[in-house]
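Notes follow the structure.
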Amino acid sequence: MLKDAVHYSVAANEPVRLVQVTDPHLFADPQGQLLGVNTTNSLQAVLNTFMATKYPADLLLATGDISQDYSPESYQHFVDKVEALNLPCHYLPGNHDDPRLMAIRMQGEHVFGQQLIVIGAWIILMLDSTVRGKPGGYMGEPQFALIDAAIKAYPNKHVLLVMHHNPIVMDCAWLDQHCMMNGADFLARTSLYPQVKGVLWGHVHQQVDKLHTGPHGDIPLMATPSTCIQFKPLSPYFALDHLQPGYRLLELAGDGSIRTNVYRVPGNRFSPDNEASGY
């Protein structure tokens with residue numbers, strides 16, 4: 001079940017430092033807009049904001065919906081943008097992506113699609129929660145088999161599970177139609193492993209920081225703002241938030257604990273058009 005693993009050299013007693021970006025929704029045309037926001041410009045602003053911090057990240061994680069129009073060019077734009085960070089970038093698909101095109105076009109000196117990352121005291125699993133042709137997600141048995149095989153292969157490592165879809169509902173009626181359909185089962189099954197220390201996703205275009213209480217203690221559940229538009233939390237209908245695009249930093253400690261914060265582009269440069277359509 002275990003396919004190629006990517007190994008990075010970080011001392012087991014040193015933290016693993018990650019930056020997560022998600023849901024850029026890029027177009028073939030760099031001037032393309034999603035609900036009034038130029039997604040190429042907003043992604044660049046997020047990357048610029050991160051680079052200005054000079055944070056010593058080890059890896060960049062891109063958690064899906066890289067493309068909005070399923071075009072080869074949109075994936076190439078993403079690769080071109082993140083190459084400037086000079087960081088290994090690991091990606092997974094979202095419901096707006098074409099996995100076949102991703103495999104072909106998400107290529108570069110620092111861009112990788114392998115699901116298993118071994119780094120320091122941790123393994124990071126880049127899981128595929130997508131269902132072809134549907135906006136909602138589902139964690140299939142091959143992904144559970146991968147989790148099990150990876151933990152058996154590295155039983156002394158802590159585990160971060162990463163995916164696109166949310167395994168918990170957001171109390172946002174329209175968005176909860178498109179969650180991971182077996183999210184409760186996913187959390188119940190994965191929390192049986194004492195090695196699982198965190199769950200990270202995108203898709204919901206807003207920040208989430210909650211805890212799931214499992215048999216081995218509390219597991220952080222984390223979602224990250226999009227690099228373009230934001231969805232208004234706790235809304236029964238489709239509504240946009242006016243918070244700025246953002247990203248997440250994580251420090252995975254050698255003892256299995258996670259420190260994390262979300263950061264946003266300063267100012268108010270990116271304001272969605274509430275009257276626009278097209279998402």
Task: Residues within segment 263-279 that are within 17 Å of N41 (Cβ to Cβ) and either under 21 Å from the mean Cα position of the chain (by Cα) or modelled with pLDDT of 90 or more (or both), tallied - done: 7
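Just to be sure, is F27 of a type in the set (F, W, Y) and touching a strand residue (DSSP E or B) at 6+ places or on another chain (Cβ under 7 Å)? Full working, then the answer.
On the way: of a type in the set (F, W, Y): yes; touching a strand residue (DSSP E or B) at 6+ places or on another chain (Cβ under 7 Å): no.
Here the answer is no, as F27 does not meet what is asked.
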- [ ] Look through segment 23-64, keep the residues that are of a type in the set (A, V, I, L, M, F, W, C) and touching a Pro at 6+ places or on another chain (Cβ under 6 Å), and return whichever of them is surrounded by the fewest Cβ atoms within 10 Å (Cβ to Cβ).
- [x] L35
TODO: May I ask you to list the residues in segment 7-17 that are touching a strand residue (DSSP E or B) at 6+ places or on another chain (Cβ under 7 Å) and either of a type outside the set (V, I, T) or open to solvent by 60 Å² or more (accessible area, probe 1.4 Å) (or both)?
DONE: H7, Y8, P15, R17
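For segment 193-214, check the following and say yes or no: at least one residue is aromatic (F, W, Y), open to solvent by less than 70 Å² (accessible area, probe 1.4 Å) and more than 29 Å from L47 (Cβ to Cβ).
The answer is yes, given that some residue of segment 193-214 is aromatic (F, W, Y), open to solvent by less than 70 Å² (accessible area, probe 1.4 Å) and more than 29 Å from L47 (Cβ to Cβ).
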Open item on the list: Looking only at residues that are touching a strand residue (DSSP E or B) at 6+ places or on another chain (Cβ under 6 Å) and open to solvent by 10 Å² or more (accessible area, probe 1.4 Å) in segment 147-166, which one is nearest to Q207 (Cα to Cα)?
Closed with: H158
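Of Q68, Q20, which residue is of a type in the set (S, T, N, Q) and open to solvent by 10 Å² or more (accessible area, probe 1.4 Å)?
Numbers: Q20 fails: open to solvent by 10 Å² or more (accessible area, probe 1.4 Å).
The match here is Q68.
The values are calculated or read from the model by the stated rules, or taken from the named source; none is laboratory data. Since the model is a prediction, treat every value here as computed from it, not as a measurement. Using ideal geometry, Cβ is built from the backbone for each residue, glycine included, and neighbour counts are taken over all protein chains shown. What goes into the accessible areas is simple: the full protein's heavy atoms, side chains included, and nothing from ligands, DNA or RNA. Shrake-Rupley method; radii C 1.70, N 1.55, O 1.52, S 1.80 Å.
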